[in-house]
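Trainee: This structure is in C-alpha cells; I'll ask about it shortly.
The values are calculated or read from the model by the stated rules, or taken from the named source; none is laboratory data. Since we're looking at a predicted model, the values are computed, not measured. So basically every Cβ, Gly included, is an ideal-geometry build from the backbone, and we count neighbours across all protein chains shown.
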Amino acid sequence: MVKLAGPRRFRINVREVCIGCGESLFTNDYTRGENICTSCGLVSSDRIANRGPEWRAFTAEERDSRERTGAPMKLSIADKGLSTMIDWRNKDANGRALTTNTRATIYRMRKWHIRSRVQSSHHRNLGIAMSEMERLSSQLGIPREARETVALIYRKALAKRLVRGRSIDSVVAAAIYLACRIHRIPRRLDEIVTETRTNRKQISQAVRLVLSKVDVEVPLASAKDLIPRLSSDLGLEGRTVRRATEIVKQAKEGRITVGKDPGGIVGAALYIAGILEEDRRTQREIAKVSHVTEVTIRNRYKELVRSLGIIFENDF
DNA sequence: AAGACGAAAGTGGTTGA
DNA sequence: TCAACAACTTTCGTCTT
C-alpha cells in the first residue's frame, strides 16, 4: 500500500538547523538553487552554490565519459601516477573469467607492459628511491606535502646525475633532510641517519652536493622552529613558551645566534624563561631534550643574559 | 645529594692559503 | 692538502641550594 514518490530530484544533505521549525532536515535543490526544510517547508536560502558538475549524465558510462579529471598527479610516485596498468586478475571488464587463450595473451602483454615500464635505468632508480623515501618518511613522520618536496629534490638530483656513484639511500636521506628544512620541520641529520642503512658521512656529503648543484631554496635551521618541539617534550606552560619565544627573537635581532647550534640557543632560552616564569627545568633535563650538553646550555645562557640584559627579579 | 658553575683538553667540521 | 679556527663535547673539581 506504499505509494512511491515520483523521480527524486533532491540530493538529501543534512545541514544546519531550520530557523522556522528547529529541525535539521534541510535538503538542497541544486536544480533550483534553494534550501528547503523537509519538515516545515521553509525555503531558507535562494542562493547556494552548486558544487556539482555543469553537465548531466544518466548512465554510468555517460558519467565516465564526461568526467574531465582523474586522480591528482603526484611527484612521489615514480611515474607521477599517470601510467596505465594491466590488472593482475584474469577477469574481463565485466568480471567474467577469461578463456585460456585470452589469458595467455594477457599474460604476455602484462609481461612486456611491465618490462617496458621499468626499462630505463632512470625509471628503475626512481622506483627504488620512492619506495625508500616512503619507508623513511613514514618512519620519521614526514607529512604529505614535505614528501612531495623530497620527491622533487630527488628528481632534480637524479636529472643532474648526482646519484651516479652514490647510494640511492643516501641521496634520498639528504633530500628528506633538506625538505624538512624547507618545510621548517625540525629534524636533525642524526635522527634521519638512525633510520637509514647508510652512514652519516655519506648523507652529509650528499646534502652538501645537492645544496651546491641543485637550485633549491633551503633556509637555515632556525631556533624558533625548535621551540614547540622542545617545550612540549619538557611539558612547559604556555607563558614560559611565549617568554622563550620572545628571548629567541631578541637574540636573533641582537645577532648573537649566528653559527651557534639552535638546540643550545633554544635550550638556554627555555632555561631562562623557566626561571623568569617560575616554571623551572634543570639544565640536565633541557640538555637531554635539546641534544646539547649542559655546558653548551650554560654558555648560551650566559651570553643571552649578558647581551639581552636580563635581570632576575626574584634574585633578591 | 642534586644542581650549577667553570676550567681544561679533545673532537669533527669549515675556511682560506 | 693542510693548518688554523670556532663551536661543541667530555671530564672533573668546586661551590650552592
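Every residue, every condition in (1) within 29 Å of the chain's Cα centre (by Cα); (2) within 14 Å of DNA strand C (Cβ to nearest atom); (3) within 17 Å of A:PRO186 (Cα to Cα), yes or no:
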site	(1), (2), (3)
A:LYS249	yes, no, no
A:ARG255	no, yes, no
A:LYS260	yes, yes, yes
A:ALA268	no, yes, no
A:ALA273	no, no, no
A:GLU277	no, no, no
A:ARG281	no, no, no
A:ARG284	no, yes, no
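Trainee: Hey, among the residues in the range A:250-263 that are at pLDDT 90 or above and either among the charged types (D, E, K, R) or touching a His at 6+ places or on another chain (Cβ under 9 Å) (or both), which one's farthest from DNA strand B (Cβ to nearest atom)?
Mentor: Ranking the qualifying residues of the range A:250-263, first place goes to A:LYS252.
Trainee: I would also like to ask the following. Kindly provide the set of residues from the range A:263-290 that are surrounded by fewer than 16 Cβ atoms within 10 Å (Cβ to Cβ) and not basic (Lys, Arg), ordered by number.
Mentor: A:GLU278, A:THR282
Trainee: Evaluate the following for A:VAL214: is it among the β-branched types (Val, Ile, Thr) and within 13 Å of DNA strand B (Cβ to nearest atom)?
Mentor: no
Trainee: For the range A:195-231, how many residues meet the condition of being more than 16 Å from DNA strand C (Cβ to nearest atom), more than 10 Å from A:SER170 (Cβ to Cβ) and hydroxyl-bearing (Ser, Thr, Tyr)?
Mentor: The number of residues fulfilling the criteria is 1.
Trainee: From (1) assigned to a helix (DSSP H, G or I); (2) surrounded by fewer than 18 Cβ atoms within 10 Å (Cβ to Cβ); (3) touching a residue at least 24 places away in the same chain (Cβ under 8 Å), pick out the condition that doesn't hold for A:SER170.
Mentor: (2)
Trainee: Which residue pairs have Cβ atoms closer than 9 Å, lie 6 or more positions apart in sequence or on different chains, and pair a first residue in the range A:275-304 that is at positive phi and touching a residue at least 24 places away in the same chain (Cβ under 8 Å) with a second residue that is part of a helix (DSSP H, G or I) and within 11 Å of DNA strand B (Cβ to nearest atom)?
Mentor: What qualifies is A:HIS291/A:ASP190.
Trainee: Does the range A:217-254 hold any residues that are in a helix (DSSP H, G or I), over 19 Å from A:ILE275 (Cα atoms) and either touching a residue at least 12 places away in the same chain (Cβ under 8 Å) or among the hydroxyl-bearing types (Ser, Thr, Tyr) (or both), and which are they?
Mentor: Listed by number, the residues that qualify are A:LYS224, A:ASP225, A:LEU226, A:ARG229, A:LYS252.
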